[in-house]
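The values are calculated or read from the model by the stated rules, or taken from the named source; none is laboratory data. None of the values given here were measured: they were computed from a predicted structure. Ideal geometry is used to build each Cβ from the backbone, glycine not excepted, and the neighbour counts take in all protein chains shown. Accessible surface is based on the protein model in full, side chains and every heavy atom, while ligands, DNA and RNA are left aside. Shrake-Rupley method; radii C 1.70, N 1.55, O 1.52, S 1.80 Å.
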Amino acid sequence: MKFVEIFRHSKRGEGKGLSDEGKELARQARSLLAGHYDLYVSSPKERALETMQAFGFEHYEIDEAFTAVNPWEPYDADVTKLAKDRKMTQLAACLEIPEALQVLKLQGETFLGAVRRVARKLPEEGRALIVSHGGILDAAALLGCENYSLDSIGGEIGMCEGVVFKIDGDNLVGIEIKRLPAN
């Protein structure tokens, strides 16, 4: 079995990088990390790179496959309207619009393909650490659940929280959610 841990980047500041609060949150999230990784990968977005650095890692690969996407495009207007009308997150709204949900699942499967590609690089029982983005991470994590619902993973993946994808051969055999302790 191989383990690919993917964490959502930390809180963004006014620019594209992390806020001071985001840097502190990433330092706190270090407690969720495994003791050793065989491979380190980051999305090329500044907030992901800075999160990896705040985790304490300076040497890592950059992989476009883990870049932020709007995983329910081209239904963004419908998702945004439903989220606003029902006072819910966009991801939760996406799950209620069949066409957007279909696109979300497809994006999750594409993301999971990148996870499998990373797993192939690892030794048996090896671990990779990846910093990526929310929405698309949730979409892939839900593929490892019996039901494709946010309840299956305890709600959306928060800033600096993660998912461990357990890969056996080329198969996703399970996931584990890594949550920050509630304050």
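Remarks
- Residue tally, condition open to solvent by 30 Å² or more (accessible area, probe 1.4 Å), without any contact (Cβ under 8 Å) to a residue 60 or more places away in the chain and not in a loop (DSSP other than H, G, I, E, B), over the stretch 1-27: 6
- Test: residue in the stretch 70-80 that is in contact (Cβ under 8 Å) with a residue 24 or more places away in the chain and either within 21 Å of Leu33 (Cβ to Cβ) or of a type in the set (Lys, Arg) (or both): no
- Selection status of His59, farther than 19 Å from Val164 by Cα, of a type outside the set (D, E, K, R), outside any helix (DSSP H, G or I) and open to solvent by 70 Å² or more (accessible area, probe 1.4 Å): yes
- Strands (runs of 3 or more DSSP E) lying entirely in the stretch 97-183 (those with 2 or more residues that are open to solvent by 10 Å² or more (accessible area, probe 1.4 Å) and in contact (Cβ under 8 Å) with a residue 40 or more places away in the chain): 162-168, 171-178
- Residue under evaluation Arg30, criteria (1) open to solvent by 50 Å² or more (accessible area, probe 1.4 Å); (2) out of contact with any strand residue (DSSP E or B) (no Cβ under 9 Å at 6 or more places or on another chain); (3) within 26 Å of Leu104 (Cβ to Cβ); (4) not acidic (Asp, Glu), criterion not met: (3)
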